[in-house]
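The values are calculated or read from the model by the stated rules, or taken from the named source; none is laboratory data. Bear in mind the structure is a predicted one, so any value in this text is a computation, not a measurement. Cβ atoms come from the backbone with ideal geometry, glycine included; neighbour counts cover every protein chain shown. To get the accessible areas, we keep the full protein, side chains included, count just its heavy atoms, and leave off ligands, DNA and RNA. Shrake-Rupley method; radii C 1.70, N 1.55, O 1.52, S 1.80 Å.
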Amino acid sequence: MRIGIVCYPTYGGSGVLATELGKALAEKGHFVHFITYQQPVRLNGFIPNIYYHEVQVPTYPLFDFPPYETALASTMVDVIKNYNLDLLHVHYAIPHASAAYMAKKIVEREGKHIPVITTLHGTDITLVGRDKTYAPVVAFSINQSDVITAVSNNLREETYKNFDIRKDIEVVYNFIDVTRFNHKPLDAFKKVLAPNGERILLHASNFRKIKRVQDVVKVFYEVQKNIPAKLLLVGDGPERQTAEEHGRELGIFDKLVFVGKQEQMEEIFAVADLFLLTSEYESFGLAALEAMASRVPVISTNAGGLGEVNVEGVTGFLANVGDVATMSEKALYILKDDTILNEFKQRAFEHAQQFNIDAIIPEYEAIYRRFCKDC
Ligand code: GMT
């Protein structure tokens, strides 16, 4: 099949997921065309049947806001026509679903039907998309998609709650390549981080408000009072400074390791003992799944779809948003005892297998085949 994929090319979960999907589809012999404003971060290395089309947004003195969506729709039209695409799969509704609708209507006038599959990822529905400034266009363009998918049951429900959607929303869970995360810890790396055999707690995110990184620091504060521990914080964003400040105020800054944005997450997960995800909302929590695939148990909130990924008492524990006391207590329960920790590690790894790429890619292919019977 000839598939156009539209996504955000940055470190966010939706872009990572879309890029990994495109790479996996290409490996299965499909022709995949990425249409984005920048090379997707995970699109590293040459794969012959992957094409990357950069959306150029010309500036003009009149434009305070260069019209990205128009440039995106025009690029989609070019790629559909030049490569005779069979379908478009857009990730994150804003502005991808509405740009796809525009492109679809343009090529329709020239006799070409292009099915649009829209995958909803989270904040496109629960945060940004709900904003009145965007909501009517988001609802309209989702309804115009030929297929709508959501990455968890919770996000499906949230979408129905927040928008007047008149179509079925199908749940296709996020996935990971379990072989990629099945790494042995690098001893040298572990020694630098935790020279005295401290437990390593890990948080990775875009440090936005919704992640409540201050709760990660608070949980760690309680943990390090009881056992030798270090906290590794990966990623960057608006709340990083506040988290650093919080660490200084609590007098534990020397136990915090902020490493900024990193690409080789599998090396990092491999040295961790526990993953902390204290978000106010997560549609799914791809980072938690990556941790589990790396044999790292998870302490998370029970917000959104996190309960569909992290299983209470099996792969880790869940607590109400802001309930630092429970999260700390459960973290200590897991970390205090080697046997308990190893049991959680093993179960986290086993549970992650059901989200393996091999199981999920065929679900997307089956959706595509509805529109492309003989390709
Ligand atoms: O919030 C983020 O981490 C970024 C955001 C994105 O769209 O890139 O993530 C959302 O999509 C991910 C992939 O489907 C999910 O795993 C995240 O849970 C979701 N984030 C939120 O719902 C806040």
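Structure notes:
- Virtual spin-label span in nm between N44 and D236, 7 Å along Cα→Cβ: 1.6 nm
- Accessible area (Å², per residue) of the chain, counting only protein heavy atoms and a probe of 1.4 Å: 43 Å²
- Over 27 Å (Cα to Cα) - which of K167/K373; K104/K209; K132/K209; K209/K330; K230/K330 fall in this group: K104/K209
- Accessible area of R156 in the full protein assembly, 1.4 Å probe (Å², nearest 10): 60 Å²
- Residues K81, K345, ordered by accessible area of protein heavy atoms at a 1.4 angstrom probe radius and largest first, appear as K81, K345.
- Cross-link partners of K105 among lysines, defined as those whose alpha carbon lies under 18 angstrom from its own and excluding same-chain residues fewer than eight positions apart: K81.
- Given R0 = 22 Å, the distance between the Cβ atoms of K225 and K184 translates into a calculated FRET efficiency of 0.10.
- Each Lys or Arg adds one and each Asp or Glu takes one away; over the other residues whose Cβ falls under 12 Å from the Cβ of R295, this sums to -2.
- Share of carbon and sulfur in the accessible heavy-atom surface of the range 201-313 [1.4 Å probe, %]: 43 percent
- Taken as Cα centroids, the range 287-301 and the range 196-229 sit 14 Å apart, rounded to the nearest whole angstrom.
- Stretchable slack from E350 to Y52, in nm (0.36 nm times residue separation minus alpha-carbon distance): 103.8 nm
- 3J(HN,Hα) from dihedral phi, the range 260-267, Karplus parametrisation 6.51/-1.76/1.60, rounded to Hz, x for glycine, proline: x, 6, 9, 9, 7, 4, 5, 5
- Point-charge dipole on Cβ atoms (K/R +1, D/E -1) for the range 96-168, about Cα centre, debye to 20: 160 debye
- Spin-label model distance (nm) - Y60 vs K209, 7 Å beyond Cα toward Cβ: 3.5 nm
- Per-residue 3J(HN,Hα) values for the range 308-316, derived from phi via the Karplus relation 6.51 cos²θ - 1.76 cosθ + 1.60 with θ = phi - 60°, read 7, 10, 9, 9, 3, x, 10, 9, x Hz in sequence order (x marks Gly and Pro).
- Additional length obtainable on full extension of the chain from K261 to D177, 0.36 nm per residue less Cα span: 28.2 nm
- The T70 and R166 beta-carbon pair, evaluated with R₀ = 35 Å, returns a calculated FRET efficiency of approximately 0.85.
- Among I94, I35, I165, the residue with the largest mean-square fluctuation in a Gaussian network model of the chain, with springs joining Cα atoms closer than 10 Å, is I165.
- Fraction of antiparallel bridges per DSSP, the range 171-327 only, in percent to nearest 5: 0 percent
- FRET efficiency for A366 and V107, using Cβ-Cβ distance with R0 set to 22 Å, rounded to 0.05: 0.35
- Placing +1 on each Lys and Arg Cβ and -1 on each Asp and Glu Cβ, with no other charges, gives the chain a dipole about its Cα centre of roughly 300 debye.
- Placing unit charges on the Cβ atoms of the charged side chains and taking the dipole of the range 178-355 about its Cα centre, the candidate lying farthest along the positive direction among L233, N196, T179 is N196.
- Extension gain for N342 to D254 (0.36 nm times residue separation, less C-alpha to C-alpha distance): 29.0 nm.
- Cα centroid separation, the range 13-57 to the range 231-253: 33 Å.
- Put simply, the amide H of R199, placed in the peptide plane, has neighbours under 5 Å in A229, K230, leaving out anything fewer than 5 places away on its chain.
- Accessible surface, 1.4 Å probe, highest first, among residues C375, C7: C375, C7
- Listed residues K132, K225, K373, K112 arranged by accessible area, highest first, probe 1.4 Å: K132, K373, K225, K112
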